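Everything on this sheet refers to the single structure shown next.
The values are calculated or read from the model by the stated rules, or taken from the named source; none is laboratory data. Small disclaimer: the values here were computed from a predicted structure and weren't measured. Neighbour counts are summed over all protein chains in view; Cβ atoms, including those assigned to glycine, are modelled from backbone coordinates with ideal geometry. For the accessible areas, the whole protein counts, side chains as well, though only heavy atoms, and no ligand, DNA or RNA atoms are used. Shrake-Rupley method; radii C 1.70, N 1.55, O 1.52, S 1.80 Å.
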Amino acid sequence: MDEDRRRRCRSDEDCISGLPDELLHGILLRLGSARAAARTTALSRRWRRVWPGLPELVLDSCPDAPPPPPASFLDTVDAALAAYSSSSLARLCIALPPAVDLVVPADRAAPWLRFAADRAAAELCLFVPPHFTAPPEPPEEDLDEEEEGDNHTAAWEELELPAWRGAKTVRLCLQDAWRLRPPAGVFASLTGLMILFGRADAGELETLVSMQCPCLRDLRLQLTLIEAADVSIHSDSLRSLWLCIWNSWRLVVVAPGLEKLSLHYALQVRVSAPKLEELAWRGRGTAYDPQHHEFDEDVGRRLRLLEMDMYSTVSSFAQRFDEAEELKLVISILWKEAGYDSFLNGTKKLPKCRTLSLNLLEWRNHSLAQAMLHLFRRCQSVEKVSIWLRCFDEDSKSSCPSTCPCRLAENQRIDDINLSSLEVVEISSFTSSHEELDFLEQLSRCSATSLRKLVINYNKKRSRTPLETKEACQKIRSMYPPNVEVEFYVLRGGRQVRFDWRLVKNVK
């Protein structure tokens, strides 16, 4: 009997090991990691030559195992690439474990890039912890010659990016001390390029993007220039552009086919993009200024999406763009009258929009209801409102002075607000606080004849007991007429679950 069992086991093993390499590769690819695939060599000699021929190599820490020491992981990467036997490769992904103090020499990573180039990898992903040598800062406009000369004193480790014909996507996250040098050739087929951190020369960066990548469609750059300089990007193929270039003076973007643009910390900029549909403007301290931030006349006055992480620049943008299908704003109202006055002045004019998405970072010291009513007055054609509530000082019980504009009676009127187009309101990170309930009550009194749905997503970390939540839900439900559907959700097991307050028993 034992002999029959051993014979069946050997037969089963032969059935698996006898499969073609293509099928075995498919099995190993489902493991998601070359390190996990390499462990299959313990099964039999047959498997030892299977994983080195995988069409995809993913070298990272296994999700079901503790991350290896960073230094030993470098040796693991070198050994895996040395053992690889195939002459071609579809995808190479190398992701080092996160470590704040990990310093990787550039010449250690250079062979990994050449490995991908030699095998004409269609996709290359290299993620190395940045290990910042110093926090990046935008250049000061009054930089004198002596300070400017200091930019030349730093020594950077050079990392050459080779070019190969089969490359489709290249994504790099580099150490801050690495200086990326462009290739000598051309990325003839490259459509996606991402470079995070590291250093680059402005002229070399322009050449790489504008001349050496003729088919580039998606570009994301977040790096620091070796020396403060202007940067110009000219591309007929670009469709999406994300720029955060530290130490740059003026950015020039000329892209006839560009549809999506995201600019971060842009001191001066000029944009020519007649097909632009989505614009994101980010970076506190770099408010939009028409004198320094130019959009050519070929850029239309209507956008599909306008997104800003600082409300103080909204009114200025409203002078350039009349309408956006969706307007996304980050709101942070500082304490006392000056903070609320700044909010009022920054949002005194909004572009016309159908969807208004608000991220309220800080508001607890002011009246939430009055802040929202102020925005509604300037956005009365809105059809959907999405609000995410967040407060850094969640335990603060102080309120703004009674003389603050948000407390004045003349600012609490609702008869001048017409929300006849409003259909859906969704609020996330809800806690049933007095300010939040007051806002919902004020909203219910507004002229919103088309409102059909109100969605409340409770904050798990600050949620109340089921009975308290039920009482709040009952109160909210009673504010709105029966034709308005009111839904409540709570977070359970990492996902939003419908909360039926009617099933909660009235037992404390």
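I'm trying to understand the selection: among the residues of segment 420-434, which are assigned to a helix (DSSP H, G or I) and surrounded by 19 or more Cβ atoms within 10 Å (Cβ to Cβ)?
First, pick out the residues of segment 420-434 that are assigned to a helix (DSSP H, G or I): 434.
Residues satisfying the conditions do not exist here.
Restrict the check to segment 220-227 and report whether at least one residue is among the polar types (S, T, N, Q) and closer than 21 Å to Ala110 by Cα. Give the derivation first.
Filtering segment 220-227 down to residues among the polar types (S, T, N, Q) leaves 222, 224.
Those still in the list that are closer than 21 Å to Ala110 by Cα too: 222, 224.
Scanning segment 220-227 turns up at least one residue that is among the polar types (S, T, N, Q) and closer than 21 Å to Ala110 by Cα.
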Inset, instruction - Return the pairs, sorted by first residue and then second, in which the second residue is surrounded by 12 or more Cβ atoms within 10 Å (Cβ to Cβ) and polar (S, T, N, Q), the first residue lies in segment 474-490 and is more than 10 Å from Trp501 (Cβ to Cβ), the beta carbons are less than 6 Å apart, and the residues are 6+ apart or on different chains. - result: Met479/Ser444; Tyr480/Ser444; Tyr489/Asn457; Tyr489/Gln496
Legend entry - Count of residues meeting criterion [in contact with a helix residue (DSSP H, G or I) (Cβ under 6 Å, 6 or more places away or on another chain) and either small (Gly, Ala, Ser) or not in a helix (DSSP H, G or I) (or both)] in segment 101-129: 2
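Just wondering, is there one or more residues in segment 330-352 that are within 20 Å of Val455 (Cα to Cα) and assigned to a strand (DSSP E or B)?
Within segment 330-352, the first condition is being within 20 Å of Val455 (Cα to Cα), and the residues that meet it are none.
Looking through segment 330-352, none of the residues is within 20 Å of Val455 (Cα to Cα) and assigned to a strand (DSSP E or B).
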Inset, instruction - Looking at (1) surrounded by fewer than 21 Cβ atoms within 10 Å (Cβ to Cβ); (2) out of contact with any Gly (no Cβ under 8 Å at 6 or more places or on another chain), find the lone condition where Asp309 falls short. - result: (2)
Inset, instruction - Considering only segment 177-213, state which residues are assigned to a strand (DSSP E or B), surrounded by fewer than 21 Cβ atoms within 10 Å (Cβ to Cβ) and hydrophobic (A, V, I, L, M, F, W, C). - result: Met194, Leu196
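Can you give me the number of residues within segment 312-329 that are part of a helix (DSSP H, G or I), open to solvent by 60 Å² or more (accessible area, probe 1.4 Å) and not polar (S, T, N, Q)? Quick ask: steps written out before the conclusion?
First, the residues of segment 312-329 that are part of a helix (DSSP H, G or I): 312-320.
Pick out the ones that are also open to solvent by 60 Å² or more (accessible area, probe 1.4 Å) and you get 319.
Next, from what is left, pick out any that are not polar (S, T, N, Q): none.
Residues meeting the conditions: 0.
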Legend entry - Candidate set from segment 475-495 (those that are within 37 Å of the chain's Cα centre (by Cα), open to solvent by less than 80 Å² (accessible area, probe 1.4 Å) and not hydrophobic (A, V, I, L, M, F, W, C)); member that is farthest from Cys446 (Cα to Cα): Gly494
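Condition check ((1) open to solvent by 10 Å² or more (accessible area, probe 1.4 Å); (2) in a loop (DSSP other than H, G, I, E, B)) across all residues:
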{"site": "Asp236", "(1), (2)": "yes, yes"}
{"site": "Leu241", "(1), (2)": "no, no"}
{"site": "Trp246", "(1), (2)": "yes, no"}
{"site": "Val252", "(1), (2)": "yes, no"}
{"site": "Gly257", "(1), (2)": "no, yes"}
{"site": "Leu261", "(1), (2)": "no, no"}
{"site": "Lys275", "(1), (2)": "yes, yes"}
{"site": "Leu279", "(1), (2)": "no, no"}
{"site": "Tyr288", "(1), (2)": "yes, yes"}
